[in-house]
1. What tally of residues in segment 451-466 results from selecting those that are part of a loop (DSSP other than H, G, I, E, B) and surrounded by 15 or more Cβ atoms within 10 Å (Cβ to Cβ)?
2. Restricting to segment 468-480, and then to whatever is surrounded by 17 or more Cβ atoms within 10 Å (Cβ to Cβ) and assigned to a loop (DSSP other than H, G, I, E, B), can you tell me which residue is nearest to the chain's Cα centre (by Cα)?
3. Of VAL477, VAL447, VAL472, VAL461, which residue is hydrophobic (A, V, I, L, M, F, W, C) and touching a helix residue (DSSP H, G or I) at 6+ places or on another chain (Cβ under 7 Å)?
4. What are the residues in segment 228-267 that are modelled with pLDDT under 95, in a loop (DSSP other than H, G, I, E, B) and closer than 24 Å to LEU383 by Cα, if any?
5. Which condition from (1) free of Cβ contacts under 8 Å to residues at least 12 places away in the same chain; (2) closer than 17 Å to GLN137 by Cβ is the one that SER437 breaks?
6. From the list ARG160, ARG168, ARG127, which residue is of a type outside the set (S, T, N, Q) and touching a Phe, Trp or Tyr at 6+ places or on another chain (Cβ under 8 Å)?
7. Tally the residues that are over 36 Å from the mean Cα position of the chain (by Cα) and either within 14 Å of PRO53 (Cα to Cα) or touching a residue at least 40 places away in the same chain (Cβ under 8 Å) (or both), restricting the search to segment 84-116.
8. For LEU330, indicate whether it is of a type in the set (A, V, I, L, M, F, W, C), at pLDDT 95 or above and in contact with a His (Cβ under 8 Å, 6 or more places away or on another chain).
Amino acid sequence: MKRAFCLLSTAVTLSLATLASAQSPTFSMPPFVIPGVTGSQITWSIDGAIPHPFAILADLSGGPVDLFGERFYLGFSPVLTTLSVSPLSTGPVQQTISIPTVPGMLGVSIYGQPVVFDALASNGVFRTLNGASTTYQGAGSPTGSAFDDPIGEGFTGNFRADVAGHIRGGAVLRRTHETIDPQGMPFFQGLQNPLHPQGSREQMVFRTQDVGATGEPELLVAVRWKPLGLVTNGTIHDLEMRIGHTAVVPDYRVDNFSALPIAPNSGLDALFASNYLPGAHPVSCFRGRYDIDPTRQTGNGYLPYPSITPFAYDGVSSLLLEFLVADDPLNFNITGAAVRIMVQSSPLPGARLWASGTPFQPMPIPMPSQVTQGIPDNAMHELELDFARVQTYAQSPWIDSQNANPDYDPPVMAASIPNGSSLRIEYRGSASANGASPTAWSLSQDVADGSRYLQFRLTFVANLFTGESPIVDTLAVPAH
């Protein structure tokens with residue numbers, strides 16, 4: 001009996017799988033069309049049976065929009081229309097529609113998607129099939145891709161090809177890293193900087209290895225610090241946090257004979273402004289009140305600084321954190337921060353640069369940003385940093401334009417750009433199929449004029465909070 005039940009269950013499972021497969025045919029449209037003088041024709045097709053009523057919806061916007069648990073690659077704009085309605089389909093089906101030519105059609109995309117009305121759908125009403133699109137281009141051969149099989153076509157990068165006939169950015173990846181170098185020795189006392197009651201200005205530099213950088217751009221989204229000793233309640237009424245990049249890369253190696261640092265001047269300079277990249281000062285990611293709350297201390301001992309505006313970290317530079325605290329008679333903070341001394345024989349090279357007042361001599365200048373010079377030492381703060389990778393890319397192979405001396409026209413593209421995400425496209429050209437002596441990358445396709453072979457790179461920036469990333473259906477650069 002049990003065996004019969006198992007066989008029956010297997011048969012039902014296989015039948016359902018077969019039915020699901022039969023109910024999920026692929027919808028397609030021609031990726032590119034050149035409009036005629038009076039009009040053009042577009043043929044959409046579905047390569048399998050749909051045993052339920054269905055409709056083909058079309059829009060001039062690619063969305064995406066989620067409705068009743070289903071993903072539409074349509075924007076539901078005012079021009080949303082129905083191309084066709086059918087009671088069912090017993091096999092492959094196609095239909096040709098005529099579109100009149102009107103001014104401004106070049107570069108316009110028509111997005112289509114079938115909606116199947118099925119009471120067994122998860123929402124009890126309908127489900128969607130895949131989306132497709134047709135984009136109007138000018139005369140000339142399209143040099144690009146419809147992304148039917150981007151991996152098979154030779155695209156490289158950290159993209160995802162999990163949407164049929166599309167390419168989209170990679171997933172948002174989050175990581176947490178502690179700025180602890182095994183070379184550093186824990187200091188026995190907590191340092192009140194940067195949260196000094198009498199005011200302070202402090203810079204901290206962290207090399208790429210200190211923050212676990214991989215060379216990929218990321219967002220720094222949270223910073224936590226480790227108190228040393230008893231944590232008490234306290235309030236800093238005016239705290240500013242700045243974050244930026246710096247060319248400073250401290251070298252904490254010591255000479256084997258003298259035990260002195262081999263590059264004592266490789267750290268932070270005594271002048272605060274000298275540690276900025278020219279023309280790229282750190283950006284203010286928070287300014288306001290900060291309450292030290294012992295109940296917020298994490299299991300591994302860290303306390304969060306205030307929520308910051310995410311900082312775009314390039315992944316290849318040293319990270320510069322700067323804290324500014326005004327002299328405040330109502331700041332009774334006595335909690336110190338844990339640091340590690342990177343070189344025991346010398347205070348240099350500078351891992352931090354600080355200036356602060358004392359109970360008897362508050363900072364003489366009311367605004368800490370007016371303090372121009374400090375004291376460098378190699379006390380590295382123990383921080384816990386949260387990063388998020390939102391930027392990914394897809395790079396095409398070298399594509400043959402079939403033209404010995406092409407003039408590339410503006411690209412035409414069909415894409416879905418979720419709210420809070422963005423897409424950048426760069427181009428370069430080469431006279432050789434293997435990409436020898438390529439031009440520089442450019443946001444303009446004109447950089448490749450005269451080059452038979454074209455390559456493009458898509459840079460996707462996902463929404464940090466939703467994880468949604470741009471999705472591209474087709475991209476072509478007409479050449480004539």
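The values are calculated or read from the model by the stated rules, or taken from the named source; none is laboratory data. If you're wondering where the values come from, they're calculated on a predicted model, not measured in any experiment. For neighbour counting, all protein chains shown are included, and Cβ atoms are generated from backbone atoms with ideal geometry for every residue, glycine included.
1. Counting residues in segment 451-466 that are part of a loop (DSSP other than H, G, I, E, B) and surrounded by 15 or more Cβ atoms within 10 Å (Cβ to Cβ) gives 5.
2. Among those that are surrounded by 17 or more Cβ atoms within 10 Å (Cβ to Cβ) and assigned to a loop (DSSP other than H, G, I, E, B), it is SER469.
3. Sole residue among the options that is hydrophobic (A, V, I, L, M, F, W, C) and touching a helix residue (DSSP H, G or I) at 6+ places or on another chain (Cβ under 7 Å): VAL477.
4. Scanning segment 228-267 gives GLY229, LEU230, VAL231, THR232, ASN233.
5. For SER437, the exception is condition (2).
6. The unique qualifying residue is ARG168.
7. Matching residues across segment 84-116 total 18.
8. Values: of a type in the set (A, V, I, L, M, F, W, C): yes; at pLDDT 95 or above: no; in contact with a His (Cβ under 8 Å, 6 or more places away or on another chain): yes.
The answer is no for LEU330.
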